[in-house]
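Take a look at the structure set out below.
The values are calculated or read from the model by the stated rules, or taken from the named source; none is laboratory data. All values derive from a computational prediction rather than experimental measurement. Here the Cβ positions follow ideal geometry from the backbone for every residue, glycine too, while neighbour counts run over all protein chains shown.
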Amino acid sequence: MAETRDFGLTVFGATGFTGGLCAEYLGEHLPDDVPWALAGRNTEKLQAVHDALAASGVTNLPALLTADINDQASLETMARRSNVIITTVGPYVWYGEGLVRACADNGTHYCDLTGEPEFVCNMISRYHQSARKTGAAIVNCCGFDSIPHDAGALFTVRELARACGGPPQGRVTLQGVVTASGTFSGGTWQSALTAFGRPRENQLAMRHARMLLDHEYPKTAHALAPLPRRDTELGGWLCPMPTIDPFMVMRSARAVSGYGNDFHYGHYLASKSLPKMVGGIGGIGGLLLAAQIKPVRERLLTLRQSGEGPAKEKRDRSWFKVTFRGEAEGTRVITQVSGGDPGYDETAKMLAETAMGLALDKDAPRATGVVTPVMALEDGLVKRLQKARIHFQRLR
Ligand SMILES: NC(=O)c1ccc[n+]([C@@H]2O[C@H](COP(=O)([O-])OP(=O)(O)OC[C@H]3O[C@@H](n4cnc5c(N)ncnc54)[C@H](OP(=O)(O)O)[C@@H]3O)[C@@H](O)[C@H]2O)c1
């Protein structure tokens, strides 16, 4: 980004639950010489977030910008004035596209917290080429979806290379297994139910995006067959998790060097016992089915309101672990990424660190277009997260 803009970084959605946590983190960690802004549609709410930052002793206080997703000109202005925009305004499938368009057109780097496959795939199909032309990095899934998995897979292939004495050759197989505790916010509830209610749109968007990805990144990456099974080394009963995370890991594997030319990935949720796993599948399956029936979905949407989220005491007790097994050339490594509250405290940290990486790190972004966090920052992302006390370790 050659020209100087008013703001190194802008947080859009700062009045929401996760946007507020992200603003707090940036208030503590953004260098004093980086001007930044909070953006949203409600100036009184924005002023309250600003005042809370001032009261907590933040010295590099943000400017306030008015922007509304229903006013495209306000998104264009925000994009032209910022080097990097963070957005926590979701569900992204309803609210996200205008800002992606503004950032892609104006060469503005962009980070979001979506976990919605339809949105990510549509952004790839519609804005990858224009973002490449202007030099913008449009980085989706910068929260618990999908950073621990995306960055953890990169860390694991680097550890495999160390164990193999060089970049792994031939078939490389990674399995990532998640265990976590925590609850979710109103915003996450709304986004998840919206995505569950659109299976056909999801499939279509995925099909279009795959065509573009196959053309842009000819290296292959394959999903392992999604079979539930018991695996004591990886944490008990494993249930395949059809979230957006494997899609993100495999995109990084195709675009970044070090994953080999024949990469395979499987993504699972671990349960201690078979009844627990079956109960979990039943619960998620029930919610998926319920989301297909419009009146039921609308009733469910009212159960948690936008702006609500788990209290600090609850978040302080929450945690996550993602354990990986990497195998190549007859060598195997076990690694783990772990941290505190996955959905909000660590998500706000991951989002802010990705944005600061784009705004401040030498050689960033490593790739432009619609990209994954690892494509955007490569090993610099892992270094930033380690410094921010998200743990990456080799267990065996
Ligand atoms: N994938 C992950 O790991 C992860 C983790 C956490 C959150 N998330 C996602 O992040 C998103 C935010 O979650 P949250 O719980 O923080 O939601 P939230 O508390 O409901 O916040 C939503 C924000 O969007 C703003 N907004 C809504 N309509 C707008 C409009 N027309 N123009 C401008 N701003 C508008 C709201 O502003 P007002 O205050 O003015 O209403 C608020 O700031 C959700 O999509 C959620 O799924 C993902």
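Annotation: of all residues in region 58-85 being touching a residue at least 40 places away in the same chain (Cβ under 8 Å), more than 21 Å from the chain's Cα centre (by Cα) and crowded, with 24+ Cβ neighbours inside 10 Å, the one that is nearest to the ligand (Cβ to nearest atom) is A67. Aliphatic (A, V, I, L, M), over 24 Å from the mean Cα position of the chain (by Cα) and assigned by TED's automatic domain parsing to the domain that holds A192: does that describe L227? Yes: the conditions hold for L227. When N122, N60 are screened for being assigned to a loop (DSSP other than H, G, I, E, B), farther than 24 Å from S318 by Cβ and assigned by TED's automatic domain parsing to the domain that holds A14, only N60 passes.
Filtering T88, T183, T156 for residues that are in contact (Cβ under 8 Å) with a residue 40 or more places away in the chain, more than 10 Å from the ligand (Cβ to nearest atom) and touching a strand residue (DSSP E or B) at 6+ places or on another chain (Cβ under 8 Å) leaves a single hit, T156.
G340 - would you say it is modelled with pLDDT of 95 or more and buried (at least 23 other Cβ atoms within 10 Å of the Cβ)? For G340, the condition - modelled with pLDDT of 95 or more and buried (at least 23 other Cβ atoms within 10 Å of the Cβ) - is not met. Among residues of region 111-122 being of a type outside the set (D, E) and within 14 Å of the ligand (Cβ to nearest atom), the one that is farthest from T4 (Cα to Cα) is P117.
What number of residues in region 360-376 are buried (at least 22 other Cβ atoms within 10 Å of the Cβ) and either in contact with a Leu (Cβ under 7 Å, 6 or more places away or on another chain) or among the polar types (S, T, N, Q) (or both)? It would help to see each step written out before you state the result.
If we filter region 360-376 for residues that are buried (at least 22 other Cβ atoms within 10 Å of the Cβ), which is where we start, we get 365, 369-376.
Okay, now just the ones that are also either in contact with a Leu (Cβ under 7 Å, 6 or more places away or on another chain) or among the polar types (S, T, N, Q) (or both), so 365, 372-374, 376.
Of the residues in region 360-376, 5 are buried (at least 22 other Cβ atoms within 10 Å of the Cβ) and either in contact with a Leu (Cβ under 7 Å, 6 or more places away or on another chain) or among the polar types (S, T, N, Q) (or both).
Within region 109-161, being crowded, with 24+ Cβ neighbours inside 10 Å and over 18 Å from the mean Cα position of the chain (by Cα) holds for A131, T156, V157, L160.
Of the residues making up region 63-85, those that are in a helix (DSSP H, G or I) and either out of contact with any strand residue (DSSP E or B) (no Cβ under 7 Å at 6 or more places or on another chain) or not basic (K, R) (or both) are Q72, A73, S74, L75, E76, T77, M78, A79, R80. Listed by position, the strands (runs of 3 or more DSSP E) inside region 278-387 whose residues that are in the same structural domain as T183 (by TED's automatic domain parsing) number at least 3 are 319-328, 331-339.
Applying the criterion of being assigned to a helix (DSSP H, G or I), of a type in the set (A, V, I, L, M) and within 13 Å of the ligand (Cβ to nearest atom) to the residues of region 35-57, the residue that is nearest to F12 (Cα to Cα) is L46.
Of all residues in region 340-351, those that are over 11 Å from the mean Cα position of the chain (by Cα) and of a type in the set (A, V, I, L, M, F, W, C) total 0.
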